[in-house]
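Here the structure is laid out as structure tokens; the discussion comes afterwards.
The values are calculated or read from the model by the stated rules, or taken from the named source; none is laboratory data. Predicted model, so just to flag it, every value in this text is computed and none were measured. Counting neighbours? That spans all protein chains shown, and the Cβs are built from the backbone with ideal geometry, glycine included. For accessibility, only protein heavy atoms count, side chains too; no ligands or nucleic acids. Shrake-Rupley method; radii C 1.70, N 1.55, O 1.52, S 1.80 Å.
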Amino acid sequence: MNRGYRRSTGLACVFAVLVCTSSAPPASAADSEFTDFRIPKHRWSSWFVDFSGSGRSQHSDFQGESADDGTLSGNLRSTMEWGYDSDRLQHRIGLSANLAGSRRHAERTSADTLGRRSNEFSQHDAVEGLALQGSARIYPWEFPLGVDLSAFGDASFGQSSAENAFDQRFAPFRTRSVSRDDADFNRQSVSATMSLGVGRVRDATGVYRARLLEQRLLDLNTLRRGLSRDAREKLAALFYVESAFSVPHDRPAKFFWREVERILREDGALEGDALDAYAVYRVIEPAFEKRSVSRNAGFFIGPSVTVLDFNEFRRRSSDFEGVRFFNDSLVDRFDRSLSDRATSHDSRVSVGGRAEMFVPIDLRLQFDAGSRVFYLDESEYLVISSAAQLTYLIADRWSADAYVRHDWDRQGRRPGEPEAWAVGYGGTIAYYLEDAWRLGLSWGGGNRHQDGRDLSDQQFSLGVIYRISGSLDAPGVVDPVRMMRATP
């Protein structure tokens, strides 16, 4: 057993042990706030139809040559989706159908003292498709034993035909030819994956966002006191379903923040009857520039199996006919026909598994780790991937993270079979103080083995921005505006 294999399997085992031990009681009240979060029951549905069409026409005329070219195309698509999410059950079903077609017609003629040439081309294309996908996540008991199911199937059909007519006259000779090409295809694919495991991972980012909103409004004196536990839980649940507001609304933000304001008002913590414009824009600012924050909580470990079946059929035919004349007498005739068809089929079963854990240590510190294994028996292909990351966040001030990851894959079991592995590590530090400092530092490196070669690399980047001064004076419009050195 070589060194690369020992490293990868060892790291995978370490992560598996960490995951199994992550079910221990939470170490802090903040950790408990994340781990106690439960997904609120909600359902959604949508159906929309999208049609688009386009056309283009071109004409040119230059020195005895003229050309016309025109294209029409259209696309019709309909999508329906139904979904339900809760702590014990989640399911989603999506159905989509589309029809696309295009037509092109082009003519070109040219003439000079020797003769005249003309060419006419036309083409028609059409594609039809249907896709169905679904997923379900089930936790039937209090004990965190869950089942994940997902399936996808699609079918597509296409037809294409093209005809090209050519006519050339050089007295007393004349040549005419016509070529036709027809093609069609149909393609179907089905895939399904099932995972069974112990543990549960929840997206508890809403807890972090609710706490951040509370702190910002307290700093602005928009809240007369801290929020109650019930209000925090309602806000965390509301942030979880925020993306679903875009299902019934094209402009969902105002509807979402109306609900935020309602929760604050009903809690009795809101100073006044509504949030003012400054407070609204303050709370919708991202916690960190050019970075999204994810705060998952929980663990999961278990095997999975995936099945795939794919079929495709293609057919094509070509016909060519031509004649030659001398004055009005036929002197030659020629034709040619070709056709071919091809079918392909692929069916495979792969097994694997994953072990992962997400630990929000407190409101600022997050630890994430995971390991995945994938094995395809047909080609004896084995892949092991592991990663861990520690993140520290101070909203509106600075963030830091460090990560390490490891990948290993090998095809075949015999000694000497090619293998590849890679180890990467790095981190970032970002500091931001409104209207003053912006600092970013990142570093990384790694080693990898591929095709019998060992490679290593190191890199870092540093960026600093400091705004020395800034002001705005518009008498009669606004009071003088000056730089801030700290975010309120």
So the FRET efficiency between Tyr84 and Ala111, C-beta based with R0 = 51 Å and rounded to 0.05, is 0.15
Of the DSSP H helices in the chain, the ones reaching 18 Å or more along their long axis in Cα terms and averaging at least 0.0 in Kyte-Doolittle hydropathy are 3-21
One checks the Cα atoms of segment 427-482 and finds Rg and Dmax, in Å, of 21.7, 73
Quick calc, Ser318 & Asp219: beta-carbon distance into FRET formula, R0 56 Å, rounding 0.05, result 0.15
For segment 120-131, Karplus-derived ³J(HN,Hα) couplings (6.51, -1.76, 1.60; θ = phi - 60°; whole Hz; x for glycine and proline) come out as 10, 10, 9, 8, 10, 9, 8, 9, 10, x, 9, 9
Rounded to one decimal in Å, the inverse mean reciprocal Cα-Cα distance for segment 216-282, i.e. its Kirkwood radius, is 12.5
Of the candidates Met357, Leu472, Val260, the farthest towards the positive dipole end of the chain (Lys/Arg Cβ +1, Asp/Glu Cβ -1, centred on the Cα centre) is Met357
Listed by chain and number, the residues whose amide H is under 5 Å from that of Asn296, excluding neighbours fewer than 5 places away on the same chain and using placed H, are Ala204
Taking N as the residue count of segment 107-186, its alpha carbon Rg divided by 2.2 N^0.38 Å gives 2.42
Segment 271-422 accessible area per residue, 1.4 Å probe, protein heavy atoms, integer Å², reads 60
Computed for the chain: size of charge dipole around the Cα centre, +1 on C-beta of each Lys and Arg, -1 on C-beta of each Asp and Glu, debye to nearest 20, value 840
The answer for the per residue Cα convex hull volume of segment 155-285, in Å³, is 238
Residue-normalised 222 nm signal for the chain, counting each DSSP H run of n ≥ 4 as -39,500 (n - 2.57), nearest 500 deg cm²/dmol, is -5000 deg cm²/dmol
The value for segment 161-218 (convex hull of the alpha-carbon atoms, volume per residue, Å³) is 209
Here segment 95-111 yields Karplus 3J(HN,Hα) values (6.51, -1.76, 1.60; θ = phi - 60°; whole Hz; Gly and Pro given as x) of 10, 9, 9, 9, 9, 10, x, 8, 9, 10, 9, 9, 10, 9, 9, 8, 8
Computed for segment 278-432: size of charge dipole around the Cα centre, +1 on C-beta of each Lys and Arg, -1 on C-beta of each Asp and Glu, debye to nearest 20, value 380
Spelling it out for Ile361: with amide H atoms placed in the peptide plane at 1.01 Å from N, the residues 5 or more places away or on another chain with amide H under 5 Å from its amide H are Gln366, Phe367
In terms of the alpha carbon gyration tensor, root eigenvalues a ≥ b ≥ c, rounded if a/c is under 1.5 and otherwise prolate when a/b exceeds b/c or oblate, segment 87-224 is oblate
Debye calc, one equal point scatterer per Cα of the chain, no solvent, log10 I(q)/I(0) at q = 0.12, 0.13, 0.14 1/Å comes to -1.24, -1.34, -1.42
For segment 341-405 the GluC sites (Glu not before Pro) that pass both the DSSP coil test and the at-most-14 other-Cβ-within-10 Å test are Glu378, Glu380
Among trypsin sites (Lys or Arg not before Pro) in segment 430-488, those in a DSSP loop whose Cβ has at most 16 other Cβ atoms within 10 Å are Arg467, Arg485
In whole µm²/s, the translational diffusion coefficient that Stokes-Einstein assigns to segment 354-488, given a Kirkwood hydrodynamic radius over C-alpha pairs, 37 °C and 0.692 mPa s, equals 173
Ordered by number, the trypsin sites (Lys or Arg not before Pro) in segment 216-276 that occupy a DSSP loop and have at most 16 other Cβ atoms within 10 Å are Arg224, Arg225
